[in-house]
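Worksheet: one structure, shown below.
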Amino acid sequence: MNKNENRMGTEPIMSLLFKLSVPSIISMAIQALYNVIDSIYIGNYDPKALTGLSIAFPIQMILIAIAVGTGIGTSSLISRELGRGNQRKASNAAEHVMLLSVIYGIILAILGALFARNIISIFTNNVEIIDYGTRYIRIILLGSAALFVPMISNNILRGEGNTLIPMISMLIGSLMNIVLDPFIIFGIGPFPEWGIEGAAIATVFSRFLSGIFIVLMIFKSNNEIKVNFKKFKFNFNIIKDVYKVGFPAMIMQFLASFMISGLNIIVGAYNETAIAALGIYFRLQSFVFMPVFGLNQGYMPIVGYNFGHNKPDRMKKTIKYGFIVSFVFTTLGFLLFQFFPTQLINLFVSSSNNNEELIQIGTKALKTISIAFPIIGPAIVGSTTFQAIGKGFPSLILSFLRQIILLLPIAYILGKIGNLNTIWYSFPISELISSIILIIWLRRALNDTFEKMKTT
């Protein structure tokens, strides 16, 4: 038994969860900070550019959906195969997804070059906003391989319990982006003033550096995963195993993109400024939820490994601690949004363009939507628990229920009954209903799983 196997199977759960999660929590928090700062720069550069960025956001989420779904499926498969002692199959899975990340990048680059304006035009008729959104998303799509390679490759190492290197990879990309953004957005010093295109260029370049780093680390010989393309043989069953868990996770992210697009249309019918306010909310909420997703990067391999090793007691402890820590994270976010909403919105408004309408709409949105934050953290961990035991389908159904079946219709109805301000209540209502269903479903699934583990 190697050192990592001993750690995953025997080390005290809380300290193990802490060691595996903290690097990812830090890197996810830095990533969320980048998303916020990127939008702050754009908002201070031009308020209409911020709306254009918000319109383009659902398209970016489609790219993220592909990367996240593939990455989650990869991490889950690798952790389970290593738990069973199948090192070669785990390594072969890594080889498959590295090739997939390049293929995805090529396909999206072609789509971006040919259809960027057509895609943006789906979401708005405003010519100026279409122009801003097109200029941004075309560059993002052309450089999409720079997103796929690091995001998917990070999960290869996370699957074997290595979260430190992925943290460093994300830090490289995020910090480089934060530093580079103002120079090429505003044209500081010798740099040209590229505005919204500058934000996209900084994003692609920073992710490219992150990708180079993580690929070099994967090919190091001291990893459990041994990537060797000379021995590579395509196996469709590996792709199938990756997407058995990863495809539902990917669809969940697609649903998020569809949900945001739908909400943009619903709130935009009342006030176009509300689209910018909604975009600000989604940037800020990532700062609250990203640490929970970072927690999941340590949580999933532990649950998956001990599931594969038939250790239900360690699984139960991990699940318990995961729920508690995630609750603390999102409750802190709830307090932040409740007590400082106006200050948060003001970050995105330049002193020369003081937009009182955006401040008023955004403040109301943050205070209302964040009512549900305390229950969202445990709900995210609950969804990840399904994925860790190889059951991605329940997570997909619950996500579809929350974002499409509940949120969009409730938002539309509340808008008709009341006004723009009542639309924001659709978030806590849909979260509460879906969380109750998740608790019931997860309890039954875990009881069945633990009963089966007793007999094996």
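The values are calculated or read from the model by the stated rules, or taken from the named source; none is laboratory data. Please read these numbers as outputs of a predicted model, since none were measured by experiment. As a convention, Cβ positions derive from the backbone with ideal geometry for all residues, glycine included, and neighbour counts pool all protein chains shown. Accessible surface areas use protein heavy atoms only, side chains included; no ligands, DNA or RNA. Shrake-Rupley method; radii C 1.70, N 1.55, O 1.52, S 1.80 Å.
A Cβ-based charge dipole, computed about the Cα centre of the chain with Lys and Arg at +1 and Asp and Glu at -1, lands at about 1900 debye.
Think of the chain as a dipole: +1 on every Lys or Arg Cβ, -1 on every Asp or Glu Cβ, centred on the Cα centre; then among G85, V381, F229, G85 lies furthest on the positive end. Each residue, F450 and F393, gets one label point 7 Å from its Cα in the Cβ direction; the gap between the two is 2.3 nm.
Taking every alpha-carbon pair under 8 Å whose residues sit at least 6 apart, the chain reaches a relative contact order of 23 percent.
Net charge dipole, the range 203-288: roughly 620 debye, given to the nearest 20, about the Cα centre with Cβ charges of +1 for Lys and Arg and -1 for Asp and Glu. Once the Cα atoms are used to define both axes, helix 47-83 deviates from the longest principal axis of the chain by about 0 degrees. Within the shell of other residues whose beta carbon sits under 15 angstrom from the beta carbon of A116, the net charge comes to +1, with Lys and Arg scored +1 and Asp and Glu -1. Cross-link reach is defined here as a Cα-Cα straight distance under 26 Å, omitting same-chain residues fewer than 8 places apart; for K230 the lysines meeting it are K89, K220, K240. Working from Cα pairs under 8 Å separated by at least six residues, relative contact order for the range 336-401 is 28 percent. Classified by the C-alpha gyration tensor, the range 212-284 has a prolate form. Its axis ratio a/c, with a ≥ b ≥ c, is 1.5 or above, and a/b is larger than b/c.
By accessible area, using a 1.4 Å probe on protein heavy atoms only, the chain has 67% of its surface on carbon and sulfur. Once the Cα atoms are used to define both axes, helix 87-121 deviates from the longest principal axis of the chain by about 20 degrees.
Only lysines eight or more places from K316 in sequence, or on another chain, were considered; those with a Cα closer than 22 Å are K19, K391, K452, K454. Computed on protein heavy atoms with a 1.4 Å probe, the accessible areas place H96, H309 in the order H309, H96, largest first.
Give me the Kirkwood hydrodynamic radius of the chain in Å, from all C-alpha pairs, to one decimal place? One decimal place: 22.4 Å for the Kirkwood radius. Ligands, DNA and RNA are left out, and with a 1.4 angstrom probe the accessible area of the chain is 41 Å² per residue.
Farthest toward the positive end of the dipole of the chain, out of I275, G362, F115, is the Cα of F115, where the dipole comes from beta carbon charges about the Cα centre.
Ordered by 1.4 Å accessible area with all protein chains kept, W194, W424 run largest first as W194, W424.
Since only I413, I201, M98 are under comparison, the one whose Cα sits farthest along the positive direction of the charge dipole of the chain, derived from C-beta charges on Lys, Arg, Asp and Glu, is M98.
Give me the net charge for the shell around R207: Cβ to Cβ below 14 angstrom, other residues only, Lys and Arg +1, Asp and Glu -1. The answer is -2.
Give me the distance between the Cα centres of the range 361-403 and the range 192-255, rounded to whole Å. That distance is 24 Å. Relative contact order of the range 167-208, taken over Cα pairs closer than 8 Å and 6 or more residues apart, is 39 percent. Compared with the dominant Cα axis of the chain, that is its longest principal axis, helix 145-159 is turned about 40°. Overall form of the range 165-214: prolate. Here a/c, set by the Cα gyration tensor axes a ≥ b ≥ c, is 1.5 or more, and a/b is the larger of a/b and b/c. Label positions at T331 and S350, each projected 7 Å from the Cα along the C-beta direction, are separated by 4.2 nm.
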